[in-house]
Amino acid sequence: MTIEGKVALITGGAQGIGLGIARRLAADGAAIALVDMKGEKLVAAAGQIEALGRPVTTFVADVSDRDQVYAAIDHAERELGGFDVMVNNAGIAQVNPILDVTPEEVDRIVRINIEGVLWGIQAAAKKFLARGQKGKIINAASIAGHEGFAMLGVYSATKFAVRALTQAAARELAASGINVNAYCPGVVGTDMWVEIDERFATLTGAAKGETYDKYVGGIALGRAETPDDVAALVSYLAGPDSDYMTGQAVLIDGGMVYR
Ligand code: NAD
């Protein structure tokens with residue numbers, strides 16, 4: 001029970017890795033604010049947290065809109081009586097070779113994957129400062145934040161950017177007792193990978209499931225990653241055991257990318 005009684009907000013918390021993180025932080029003892037664009041899925045996700053016996057609140061927001069991110073944090077503080085941990089998890093994939101990428105695609109993923117994290121860091125840090133307290137900010141990067149992957153060039157660029165923001169924010173905010181770190185998953189079997197696999201199939205003629213299987217086949221530990229695998233690292237980054245860590249983008253990928 002490392003974060004017993006703390007309040008944690010998770011963006012993209014309606015499903016996938018974000019929901020896995022929410023369940024784990026709730027099991028660790030935190031009250032949970034789930035933020036996502038998908039209102040209906042948020043309700044179902046909140047039910048899972050309630051079943052764990054922890055306070056939970058939901059807020060529909062688009063993380064690419066700065067005002068909505070600030071409003072989400074205000075809501076969490078008001079409903080749950082505090083604010084201690086910000087998990088900037090929401091993100092989208094985008095599969096297209098460099099030769100074919102369009103300005104519209106780039107604009108969309110930059111707004112969500114980079115600006116969404118930026119506004120999350122900014123709003124959370126301002127809230128911690130206003131409350132005169134320490135805090136933890138934890139951002140979703142990726143193995144693609146350490147290596148550029150073919151067909152995922154722009155996605156990779158956004159995740160490199162998340163590492164840059166994590167490092168700069170860590171340096172700027174350390175003196176205020178705010179730690180900023182990132183988690184870098186490998187291949188997690190969520191809806192995002194269903195979408196990536198389907199898009200590879202369209203672009204390359206690969207059979208459905210083939211690209212996913214190929215990537216999973218390259219994992220040293222021999223299986224796909226689960227949201228729980230990611231959540232175990234985020235639990236550590238959210239709790240007091242990581243108080244002496246800041247500015248890191250930690251790989252948790254079963255052995256795919258080695259740094
Ligand atoms: P997912 O698609 O299953 O879930 C993402 C969630 O984020 C969804 O509920 C979606 O509604 C929400 N979301 C998307 N855009 C949003 C926006 N603008 N505002 C608010 N909510 C928004 O994806 P996932 O696999 O759970 O991925 C979560 C994070 O982990 C992402 O940042 C992703 O890039 C990263 N990641 C995933 C993998 C993987 O293999 N799945 C690997 C490395 C990193």
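The values are calculated or read from the model by the stated rules, or taken from the named source; none is laboratory data. All of these numbers come straight from a predicted model, not from anything done at the bench. Using ideal geometry, Cβ is built from the backbone for each residue, glycine included, and neighbour counts are taken over all protein chains shown.
Specify which of the listed residues (Arg163, Arg108, Arg171) is near the ligand (Cβ under 10 Å from one of its atoms) and of a type outside the set (A, V, I, L, M, F, W, C). Don't jump to the end; show me each part of the working.
Values: Arg163 fails: near the ligand (Cβ under 10 Å from one of its atoms); Arg171 fails: near the ligand (Cβ under 10 Å from one of its atoms).
The conditions single out Arg108.
I'm checking my understanding of the structure. Among residues of region 77-105 that are among the charged types (D, E, K, R) and touching a residue at least 60 places away in the same chain (Cβ under 8 Å), which one is nearest to the ligand (Cβ to nearest atom)? It would help to see each step written out before you state the result.
If we filter region 77-105 for residues that are among the charged types (D, E, K, R), which is where we start, we get 77-79, 84, 100, 104-105.
Add one more test, that the residue is touching a residue at least 60 places away in the same chain (Cβ under 8 Å), and what stays is 77, 84.
Working: Glu77: 19, Asp84: 21 Å.
Ranking the qualifying residues of region 77-105, first place goes to Glu77.
In region 171-259, which helices (runs of 4 or more DSSP H) lie fully inside it and hold 1 or more residues that are assigned by TED's automatic domain parsing to the domain that holds Gln15 and more than 20 Å from Val117 (Cα to Cα)?
Numbers: elements: 191-204, 210-217, 227-238.
Those helices (runs of 4 or more DSSP H) span 227-238.
Within region 88-125, the only residue that satisfies the criterion of being of a type in the set (D, E, K, R) and within 22 Å of Val234 (Cβ to Cβ) is Glu115. With respect to (1) more than 18 Å from the chain's Cα centre (by Cα); (2) buried (at least 20 other Cβ atoms within 10 Å of the Cβ); (3) under 19 Å from Arg131 (Cβ atoms), the lone exception for Glu77 is condition (2).
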